[in-house]
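**Student:** This is the structure I want to talk about, given as structure tokens.
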Amino acid sequence: MEKELGVYIHIPFCASKCAYCDFYSVACANDLMPSYREALKSHIRESSKQLSGYMIDTVYFGGGTPSFFGADNIIDVFSALKKYCRVLIDGEVTVEVNPDSVTLSDLQLMRKAGINRLSIGVQSANDGTLKSIGRRHSFAQAEETVRSARAAGFENVSIDLIYGLPSQTREDWADTLSKGIALKPDHISCYGLKIEEGTPLYIYKDSPFIPDDDMQADMYLYAVDTLARAGLYQYEVSNFAKRGMHSRHNLKYWQGKEYMGFGAAAHSYIGGQRFNYVQDVKKYCENVASGDKLIDQCESITSFEQGMEYLMLGLRTTYGISEDEYRSIFPCSFEATKKLLDSYIIRGWAINKDGRWSFTPKGFLVSNSLIEGVLNTQTQARTLSASRSEAEFELADDQMSIFDKKSSDTPLFHGIS
């Protein structure tokens, strides 16, 4: 039976790096684009035998800035994927675009080629804020991009927004949400700013110009409530969508399903192995051409690790987790974890509906520590189970030793001396 697979294609090129970005990308490297396009196509072709037993039902072009790579290049790579692999005609195909690097003509070309979902990097409705974080577009350009997307025939449009930005007030965030909703997207991702070491925004770490934890919590809860009232319902910590318009590709990550990555620094999880490619555009292109090693790191995932990932990722979604699903992955006592989850319910952090535990918006606010508690509790349960099994084995071994001692004196079968 053929299995479904998601494909992620990393486009690491940007016109310039945003001040908060910690993803692998390169700026002002247009000269590398042609060789990178050919490397992607070759890599896809070479991987086609490995993927012959899969039907690809989601494709995601992420970055970097895929729209800066160009519509023609994106379509060329997508055409190679369709040529060498089995891509479902009704699959979800997403491209990330920035308002400053995409035109109506680009969008029309991509839609005609079979790309049917856009993720538009809006981030804020405040032009001053956009400039301060290194964005190259205005909010008016973002509005025009959404209008162009609809004109080009896109019926599945998502926008990204960020809260907790430098000097951002509650009123600023409310305005951004209001204007974002007015764009009538089918999906909104709301990310809390995470200040990463090595990025320009790191100078703001612990700065009074960054909204404190309490203010960011207020912003988050306000977003959950406001978006729900607008018909965009939370289905993951940071993601909200109209009914039936969730990101099918991203759900693969949160549900522990298989996906294959292509491109420099891209990650994959397929055949029980997790691996990523070299984080260097030039080296990726050279190694594809020469047949040298592409994989930077690789690990096999045990059933225990799969179970832990099920808990960790499942609790990021409003669908949540169940004991039966966990035990089908890794058979181990779940009693202590059930008690812990039930204690979360008492504190208003979680709910249990039809045997499934999931977090409330207040629970999502502190989900990292709550999930850590679940993982630690289940690890202890596994350790206890393993200790009991070892003790039972030792007892059985002792009993067998006694039996062996007796058997040396007494024949097992009559007639044998």
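**Student:** For region 223-246, does any single residue satisfy the condition of being touching a Leu at 6+ places or on another chain (Cβ under 7 Å), assigned to a loop (DSSP other than H, G, I, E, B) and modelled with pLDDT of 95 or more?
**Tutor:** Checking region 223-246: at least one residue is touching a Leu at 6+ places or on another chain (Cβ under 7 Å), assigned to a loop (DSSP other than H, G, I, E, B) and modelled with pLDDT of 95 or more.
**Student:** Taking region 150-165 only, how many residues are over 14 Å from residue 187 (Cβ atoms) and in a loop (DSSP other than H, G, I, E, B)?
**Tutor:** Here the count works out to 4.
**Student:** Follow-up. Tally up the residues in region 100-116 that are surrounded by 23 or more Cβ atoms within 10 Å (Cβ to Cβ) and either part of a strand (DSSP E or B) or over 25 Å from the mean Cα position of the chain (by Cα) (or both), please.
**Tutor:** Summing the residues that are surrounded by 23 or more Cβ atoms within 10 Å (Cβ to Cβ) and either part of a strand (DSSP E or B) or over 25 Å from the mean Cα position of the chain (by Cα) (or both) in region 100-116 gives 0.
**Student:** Mind counting the residues in region 191-224 that are in contact (Cβ under 8 Å) with a residue 12 or more places away in the chain and not small (Gly, Ala, Ser)?
**Tutor:** The qualifying residues number 20.
**Student:** Follow-up. Return yes when residue 275 is on the phi < 0 side of the Ramachandran plot, outside any loop (DSSP other than H, G, I, E, B), without any contact (Cβ under 8 Å) to a residue 60 or more places away in the chain and buried (at least 20 other Cβ atoms within 10 Å of the Cβ) and no when it is not.
**Tutor:** Judged against the criteria, residue 275 is not a match.
**Student:** Tell me yes or no: at least one residue of region 313-320 is out of contact with any Lys or Arg (no Cβ under 9 Å at 6 or more places or on another chain), part of a helix (DSSP H, G or I) and polar (S, T, N, Q).
**Tutor:** no
**Student:** Criterion first (outside any loop (DSSP other than H, G, I, E, B) and basic (Lys, Arg)) does residue 147 satisfy it?
**Tutor:** yes
**Student:** Check region 170-184 and report whether any residue there is in contact with a Lys or Arg (Cβ under 8 Å, 6 or more places away or on another chain) and either assigned by TED's automatic domain parsing to the domain that holds residue 222 or of a type in the set (Gly, Ala, Ser) (or both).
**Tutor:** No, that holds for no residue.
**Student:** Now a separate question. Can you tell me which of 144, 196 is surrounded by fewer than 20 Cβ atoms within 10 Å (Cβ to Cβ) and under 22 Å from the mean Cα position of the chain (by Cα)?
**Tutor:** The conditions single out 196.
**Student:** Applying the selection to region 279-297, what residues are part of a loop (DSSP other than H, G, I, E, B) and surrounded by fewer than 19 Cβ atoms within 10 Å (Cβ to Cβ)?
**Tutor:** 279, 280, 291, 292, 293
**Student:** Report yes if some residue within region 148-162 is of a type in the set (Phe, Trp, Tyr), more than 29 Å from residue 217 (Cβ to Cβ) and in contact with a helix residue (DSSP H, G or I) (Cβ under 8 Å, 6 or more places away or on another chain); otherwise report no.
**Tutor:** yes
**Student:** Right, next: Please specify each residue of region 42-56 satisfying the condition of being surrounded by fewer than 20 Cβ atoms within 10 Å (Cβ to Cβ) and either in contact with a strand residue (DSSP E or B) (Cβ under 9 Å, 6 or more places away or on another chain) or not small (Gly, Ala, Ser) (or both).
**Tutor:** 45, 46, 47, 49, 50, 51, 53, 54, 55
**Student:** Report yes if residue 107 is within 23 Å of residue 279 (Cβ to Cβ) and touching a residue at least 40 places away in the same chain (Cβ under 8 Å), otherwise no.
**Tutor:** In short, no.
**Student:** Same structure again: Would you confirm, using the coordinates I've provided, whether residue 300 is without any contact (Cβ under 8 Å) to a residue 24 or more places away in the chain and surrounded by fewer than 16 Cβ atoms within 10 Å (Cβ to Cβ)?
**Tutor:** no
**Student:** Give the residues of region 58-90 that are crowded, with 19+ Cβ neighbours inside 10 Å and not in a helix (DSSP H, G or I), sorted by residue number.
**Tutor:** 58, 59, 60, 61, 62, 63, 64, 65, 70, 85, 87 - these are the residues of region 58-90 that are crowded, with 19+ Cβ neighbours inside 10 Å and not in a helix (DSSP H, G or I).
**Student:** Next question. Among the numbered criteria (1) over 26 Å from the mean Cα position of the chain (by Cα); (2) surrounded by 15 or more Cβ atoms within 10 Å (Cβ to Cβ); (3) in a helix (DSSP H, G or I), which one does residue 171 miss?
**Tutor:** (2)
**Student:** Something else: Might you check whether a residue that is surrounded by 17 or more Cβ atoms within 10 Å (Cβ to Cβ), under 15 Å from residue 184 (Cα atoms) and more than 23 Å from the chain's Cα centre (by Cα) occurs anywhere in region 119-134?
**Tutor:** yes
**Student:** For region 335-412, list the helices (runs of 4 or more DSSP H) that sit wholly inside it and hold at least 2 residues that are among the β-branched types (Val, Ile, Thr) and at pLDDT below 95; which are they?
**Tutor:** 367-407
So that you can scan it fast, the table gives a plain yes or no per residue for (1) closer than 30 Å to residue 88 by Cβ; (2) of a type in the set (Phe, Trp, Tyr):
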{"site": "129", "(1), (2)": "no, no"}
{"site": "135", "(1), (2)": "no, no"}
{"site": "170", "(1), (2)": "no, no"}
{"site": "173", "(1), (2)": "no, yes"}
{"site": "178", "(1), (2)": "no, no"}
{"site": "186", "(1), (2)": "yes, no"}
{"site": "209", "(1), (2)": "no, yes"}
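**Student:** Would you check if there is a residue in region 117-128 being of a type in the set (Val, Ile, Thr) and not in a loop (DSSP other than H, G, I, E, B)?
**Tutor:** Within region 117-128, one or more residues are of a type in the set (Val, Ile, Thr) and not in a loop (DSSP other than H, G, I, E, B).
The values are calculated or read from the model by the stated rules, or taken from the named source; none is laboratory data. Please read all numbers here as calculations on a predicted model, not as lab measurements. Every residue, glycine as well, gets a Cβ built from its backbone with ideal geometry; the counts of neighbours run over all protein chains shown.
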